[in-house]
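Asker: Before anything else, here's the structure in question.
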Amino acid sequence: MEELYFITSNKGKFKEAEAKIKHLDIELIQLRLDYPEIQASDLKEIALYGLDFCSERFKSPFFLEDSGLFIDELNSFPGPYSRYVQETIGNDGILKLLLGVINRRAYFKSVVALYDKGPHTFEGISMGKISNEIRGKEGFGFDPIFIPLESSKTFGEISTEEKNKYSHRAKALDAMVKYLENGVE
Ligand code: ITT
């Protein structure tokens, strides 16, 4: 494989994937192709629907990724609605919803769906908590309010390189890279 397309409109996701894949002899290309994101509670189901839709229209090997932030105290909200929530109430809105709340446990989940000769999925989870205030300007989306278990800093306060050591997306991408290298899922 010489070229691999990442179908995403999200520059932050692409930057993380590029760094993960750069040691392979594969050129990663960002492709903005609108695909339907169905309403479902399961990210894998959403990703596989998108994969199926795109594979009928696009013939080179590609992957896409669906991710979300799941907050314990909010019964896993925003989960699959993360993009919409980020674009509407944003990080300030989440902090308001959690004002005075002691249980700040949360996790990020990433499902990478790859299409080469057929569909493959790879998953990663990052456990952590929601900070009390916005911290840092790195990354994107909820990064400035999420503190992973591995650190006392938010994802917004660490570099892409550091985030790529243990984030949800890093784990899912590592599994995909392993598959690309060895053909083992
Ligand atoms: P695509 O074009 O790849 O779908 P998207 O931004 O719409 O890009 P999703 O539908 O998967 O991606 O939405 C997930 C949202 O969750 C995303 O827009 C961010 O707001 C948030 N999110 C996901 N991963 C994140 C991360 O690593 N750090 C911060 N926020 C994240």
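Asker: How many of the residues making up region 8-27 are in a loop (DSSP other than H, G, I, E, B), among the hydrophobic types (A, V, I, L, M, F, W, C) and surrounded by 14 or more Cβ atoms within 10 Å (Cβ to Cβ)? Spell out the reasoning first.
Answerer: To start, the set of residues in region 8-27 that are in a loop (DSSP other than H, G, I, E, B) comprises 8-10, 22-26.
Now drop any that are not among the hydrophobic types (A, V, I, L, M, F, W, C), which leaves 24, 26.
Then drop every residue that is not surrounded by 14 or more Cβ atoms within 10 Å (Cβ to Cβ), which leaves 26.
Adding up the residues that qualify gives 1.
Asker: Next question. Mind counting the residues in region 52-89 that are near the ligand (Cβ under 9 Å from one of its atoms) and of a type in the set (A, V, I, L, M)?
Answerer: Counting residues in region 52-89 that are near the ligand (Cβ under 9 Å from one of its atoms) and of a type in the set (A, V, I, L, M) gives 3.
Asker: Something else: Search region 91-118 for residues that are in a loop (DSSP other than H, G, I, E, B) and pair each with any residue that is not basic (Lys, Arg) when their beta-carbon atoms are under 6 Å apart and the residues are at least 6 apart or on different chains.
Answerer: The qualifying pairs are LEU98/ILE130; VAL101/GLU73; ASN103/ASP72; ASN103/GLU73; ARG104/ILE130; ASP116/PRO61.
Asker: Count, please, the residues in region 28-63 that happen to be assigned to a helix (DSSP H, G or I) and either under 23 Å from PHE77 (Cα atoms) or more than 17 Å from the chain's Cα centre (by Cα) (or both).
Answerer: Taking region 28-63 as the starting set, the residues that turn out to be assigned to a helix (DSSP H, G or I) are 43-55.
With the extra rule that they be either under 23 Å from PHE77 (Cα atoms) or more than 17 Å from the chain's Cα centre (by Cα) (or both), the set shrinks to 43-50, 52-55.
Matching residues across region 28-63 total 12.
Asker: Turning to a different aspect of this structure: Can you say whether TYR5 is part of a helix (DSSP H, G or I) and either within 14 Å of the ligand (Cβ to nearest atom) or not polar (S, T, N, Q) (or both), as far as the supplied structure shows?
Answerer: Values: part of a helix (DSSP H, G or I): no; either within 14 Å of the ligand (Cβ to nearest atom) or not polar (S, T, N, Q) (or both): yes.
For TYR5, the condition - part of a helix (DSSP H, G or I) and either within 14 Å of the ligand (Cβ to nearest atom) or not polar (S, T, N, Q) (or both) - is not met.
Asker: When you go through (1) surrounded by fewer than 17 Cβ atoms within 10 Å (Cβ to Cβ); (2) within 15 Å of the ligand (Cβ to nearest atom); (3) farther than 30 Å from SER131 by Cα; (4) touching a residue at least 60 places away in the same chain (Cβ under 8 Å) one by one for GLN30, which number turns out not to apply?
Answerer: Condition (4) is where GLN30 drops out.
FYI, it's all coordinate maths here, none of it is from the lab. Quick caveat: nothing in here was measured; it's all calculated off a predicted structure. Note that each Cβ is placed from the backbone with ideal geometry, even for glycine, and that neighbours are counted across all protein chains shown.
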